[in-house]
Each structure stands twice: as C-alpha cells, then as structure tokens.
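Here is the structure we will look at, set down as structure tokens.
The values are calculated or read from the model by the stated rules, or taken from the named source; none is laboratory data. Please read these numbers as outputs of a predicted model, since none were measured by experiment. Here the Cβ positions follow ideal geometry from the backbone for every residue, glycine too, while neighbour counts run over all protein chains shown. Quick note on the areas: whole protein, heavy atoms, side chains included, nothing else; ligands and nucleic acids left out. Shrake-Rupley method; radii C 1.70, N 1.55, O 1.52, S 1.80 Å.
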Amino acid sequence: ADPLLQFTDSTVDTGRNFLLLSSSIGELPSLTLSGALLTATNTDFTAGDAENRNSFLFVEDGGTLKSTAADPLVTFENSTLDTGGNFLTIRRSSGTPSTVEIAGPLLKATDSSFTTADCCSFLFLGESAELKGSGTQPLFQFTGSTFNVGADFVTLAAGAPGPSVMDL
C-alpha cells in the first residue's frame, strides 16, 4: 500500500507536532494504516520548538497508532528533521495504554539527519505507554545518517499509572 503521506523536494514546518493523536474529552484517538505513515525524500522538517517541547510524532491519552505493513512506519531519504521534542513520544495513558503497534521497522533513514532539543530523547515512552512490534526487522535502520540527540536515544520511563513497555 502507498504511504499515507509522501513528501519529495519539500519543506515542512509545523508550529507544534507533525502528527498528534490526543484527546481531551475521553474518546480514544486511533489511526490504523495498511501501509507506511510517511515517506520523505529530499525534504526538510521542523516540528515545534524547544520551549514547547513538541515532538515529531506524539501519541497520548490512550491513543493508538498502528501499521500492519512490513514496510517502515517512517522512511527518510536525504532528508532532515529538527524537532523541539522527541522524534516519537508515547505517553499519558489513562486507563488504556497509549500505544504504537508496528509490523515493520519504526524508522528507516538513509543519508538523513535528525536533531532533538537538549531536553529530549529520540524515542520516549512514559506513563504506561506501549511500543509493540510483530516484525523480524530491526526497530531502526540507519545508513549514512547523523543524529544530534539532546538526551538519551531511547527512554522508557515508569510513572503513574505504571511502567512503560517495549515488546518487539
């Protein structure tokens, strides 16, 4: 299946998160894909700013992002990302875990660069968040890419209502 979003030779600047699955009314947001979420070629992304700590991808409030494809959820080729937060944040579960479930890699990057704010990790799970994978490929696939990550590359944080889980 084709990706939900495809960018070529583009510039994308969001004032906040690039993708946000969130709820303030108790309804559980959900996005299920039969293909990739995003492929980017020769594209520069800026998501939010360090003051607001906006992430590129953000799943919270019991939201679910799911891809059944064996393809990477996100592919960057000769592209850049500068984010004021994490590349991916999964957090703030309330009764139902905030979840990302993938059948392939989370990210495949070739000749690309990534920068997070000084405060932030590349991948952050907190407050009973879950990252689940059913595929056999590596979670991350990097070739010729560079990373300037302000904190830990991967953070699994415990906190109310419980620990975060990676099941890959």
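Can you confirm whether Gly48 is more than 17 Å from Leu107 (Cα to Cα) and touching a Leu at 6+ places or on another chain (Cβ under 7 Å)?
Working: more than 17 Å from Leu107 (Cα to Cα): yes; touching a Leu at 6+ places or on another chain (Cβ under 7 Å): no.
Taking the combined requirement at face value, the residue does not satisfy it.
If I filter segment 129-150 down to residues being open to solvent by 50 Å² or more (accessible area, probe 1.4 Å) and assigned to a loop (DSSP other than H, G, I, E, B), which single residue comes out as farthest from Pro105 (Cα to Cα)? So that I can check it myself, show each step before the final result.
First, pick out the residues of segment 129-150 that are open to solvent by 50 Å² or more (accessible area, probe 1.4 Å): 132, 134, 136-138, 142-144, 146-148.
Now drop any that are not assigned to a loop (DSSP other than H, G, I, E, B), which leaves 134, 136-138, 144.
Working: Ser134: 10, Thr136: 9, Gln137: 6, Pro138: 6, Gly144: 17 Å.
Only one residue tops the list, namely Gly144.
If I go through segment 1-29 residue by residue, how many of them are crowded, with 16+ Cβ neighbours inside 10 Å and without any contact (Cβ under 8 Å) to a residue 24 or more places away in the chain?
0
If I ask for residues that are assigned to a loop (DSSP other than H, G, I, E, B) and among the aliphatic types (A, V, I, L, M), which ones from segment 40-80 would you list?
Listed by number, the residues that qualify are Ala50, Ala69, Ala70, Leu73.
For Thr32, indicate whether it is buried (at least 19 other Cβ atoms within 10 Å of the Cβ), at pLDDT 95 or above and of a type in the set (Ser, Thr, Tyr).
When the stated conditions are applied, Thr32 does not pass them.
For residues that are open to solvent by less than 80 Å² (accessible area, probe 1.4 Å) and either in a strand (DSSP E or B) or in contact with a Phe, Trp or Tyr (Cβ under 7 Å, 6 or more places away or on another chain) (or both), tally how many sit in segment 158-168.
Let us first name the residues in segment 158-168 that are open to solvent by less than 80 Å² (accessible area, probe 1.4 Å), namely 159, 162, 164-166.
Imposing the further condition that a residue be either in a strand (DSSP E or B) or in contact with a Phe, Trp or Tyr (Cβ under 7 Å, 6 or more places away or on another chain) (or both) reduces the set to 159, 162, 165-166.
Residues meeting the conditions: 4.
Going through Gly48, Gly35 one at a time, which residue ends up being in contact with a Pro (Cβ under 7 Å, 6 or more places away or on another chain) and without any contact (Cβ under 8 Å) to a residue 40 or more places away in the chain?
Gly35
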